[in-house]
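This report concerns only the one structure given below.
No lab work stands behind these numbers, since they all come straight from the coordinates. Note that the coordinates shown come from a computational prediction; the quantities given were computed from them, not determined experimentally. Neighbour counts are summed over all protein chains in view; Cβ atoms, including those assigned to glycine, are modelled from backbone coordinates with ideal geometry.
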Amino acid sequence: MTHLSPSTINGTKGLGEVLSYVNIITDTWISKLFLIGIYVIILMGYYKSKEDFRGSMAVAGYGTFVVAFLFWIGGFVSGYAFGVSIAMSILGTLILLLDND
Amino acid sequence: MEDKFKNYLFAFILVSAFGMLILTTVIEGGNNYSLDTSKIAGGSLSITQFNESISNLQTESENLKKSFDDQSIWSSIAGVVVEGFFGIAGSMFNMIFAPLNLIINILIDIFGIPIWFSTVIVGLLILGVMLSIWRLIKVGD
């Protein structure tokens with residue numbers, strides 16, 4: 001399988017063009033991994049600072065949802081990947097609200 | 001136990017409302033940018049299902065209120081009128097399981113969790129909810 005040559009990138013259009021190129025040659029996996037990375041970073045960051053795993057799941061879910069929404073509008077991720085981020089935010093909310101401690 | 005049960009009840013109601021809100025945002029945003037929202041807001045993440053869940057909750061709440069108006073739960077505790085308990089308990093049960101079914105569908109369809117696993121979880125939840133309702137009414141708190 002041949003990929004687009006990096007020389008086809010129009011650098012004058014900015015960083016977005018580079019991201020778009022990387023997204024195409026990785027078959028949108030780079031965007032999915034980016035979302036997973038955001039989720040894990042927020043989850044761990046919040047958990048380490050607040051010691052509250054349920055809260056961190058909700059915050060990470062919302063944070064990832066916002067980025068995934070922008071990615072979806074920009075055409076970087078599929079509807080399915082975005083659906084997973086929505087589901088994570090809904091599940092995060094459920095877990096947060098079930099907190100009885 | 002009683003407070004936990006009340007929390008579960010409110011949690012499931014709020015999750016349905018939150019799901020509706022988030023999906024409404026997605027559909028509006030998608031339509032503004034001419035994107036296909038059917039893949040997202042269909043299936044388990046369907047706005048219609050969340051809407052039905054909330055409508056169901058409203059109906060069950062009204063049933064619950066009717067049970068409290070019509071029947072005395074204290075008489076059921078004394079063992080005089082058993083129907084009083086079952087009417088109220090049935091409404092509470094439906095109230096919890098309407099949004100929970102949605103969450104279980106999300107787990108199966110989107111995250112690919114095996115059905116046998118969700119069956120075990122649902123089984124445990126049914127038992128837990130039944131015992132919680134019984135305790136709630138028995139203690140009367």
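Can you tell me which condition B:Ala41 does not meet? The list is (1) more than 8 Å from chain A (Cβ to nearest Cβ); (2) buried (at least 17 other Cβ atoms within 10 Å of the Cβ); (3) over 19 Å from A:Ala81 (Cβ atoms), and all the others hold.
If we test B:Ala41 against (1) more than 8 Å from chain A (Cβ to nearest Cβ); (2) buried (at least 17 other Cβ atoms within 10 Å of the Cβ); (3) over 19 Å from A:Ala81 (Cβ atoms), just (3) comes out false.
Could you tell me how many of the residues in region A:84-101 are farther than 17 Å from A:Leu33 by Cα and either more than 8 Å from every other protein chain (Cβ to nearest Cβ) or assigned to a loop (DSSP other than H, G, I, E, B) (or both)?
Residues that pass the stated criteria total 7.
Among A:Ala60, A:Ala81, which is within 14 Å of another protein chain (Cβ to nearest Cβ) and not polar (S, T, N, Q)?
A:Ala81
Suppose the filter is within 10 Å of chain A (Cβ to nearest Cβ), in a helix (DSSP H, G or I), in contact (Cβ under 8 Å) with a residue 24 or more places away in the chain and touching a helix residue (DSSP H, G or I) at 6+ places or on another chain (Cβ under 7 Å); does B:Gly19 pass it?
yes
Out of the residues in region B:44-65 meeting the condition of being away from chain A (no Cβ under 11 Å) and in contact with a Pro (Cβ under 9 Å, 6 or more places away or on another chain), tell me which one is farthest from B:Ile126 (Cα to Cα).
Once the filter is applied, the top-ranked residue is B:Ile54.
Of all residues in region A:17-62, which are in contact (Cβ under 8 Å) with a residue 40 or more places away in the chain, out of contact with any helix residue (DSSP H, G or I) (no Cβ under 7 Å at 6 or more places or on another chain) and of a type in the set (Gly, Ala, Ser)? Show your work before the answer.
Taking region A:17-62 first, the residues in contact (Cβ under 8 Å) with a residue 40 or more places away in the chain are A:19-20, A:23, A:28, A:31-32, A:35, A:39, A:54-55.
Next, from what is left, pick out any that are out of contact with any helix residue (DSSP H, G or I) (no Cβ under 7 Å at 6 or more places or on another chain): A:19-20, A:28.
A:Ser20, the sole residue that qualifies.
Is it true that some residue in region A:50-71 is in a helix (DSSP H, G or I) and farther than 28 Å from B:Ile27 by Cα? Reasoning before the result, please.
Going through region A:50-71, the residues in a helix (DSSP H, G or I) turn out to be A:50, A:53-71.
Checking which are farther than 28 Å from B:Ile27 by Cα leaves us with A:50, A:53.
Checked region A:50-71: at least one residue is in a helix (DSSP H, G or I) and farther than 28 Å from B:Ile27 by Cα.
Name every residue in region A:21-69 that is exposed (fewer than 15 other Cβ atoms within 10 Å of the Cβ) and of a type in the set (Lys, Arg), in order of residue number.
Of everything in region A:21-69, those that are exposed (fewer than 15 other Cβ atoms within 10 Å of the Cβ) and of a type in the set (Lys, Arg) turn out to be A:Lys48, A:Lys50.
Got a number for residues in region B:99-117 being over 16 Å from the mean Cα position of the chain (by Cα) and assigned to a helix (DSSP H, G or I)?
Going through region B:99-117, the residues over 16 Å from the mean Cα position of the chain (by Cα) turn out to be B:108-117.
Next, only the ones that are assigned to a helix (DSSP H, G or I) stay: B:108-109, B:115-117.
Counting residues in region B:99-117 that are over 16 Å from the mean Cα position of the chain (by Cα) and assigned to a helix (DSSP H, G or I) gives 5.
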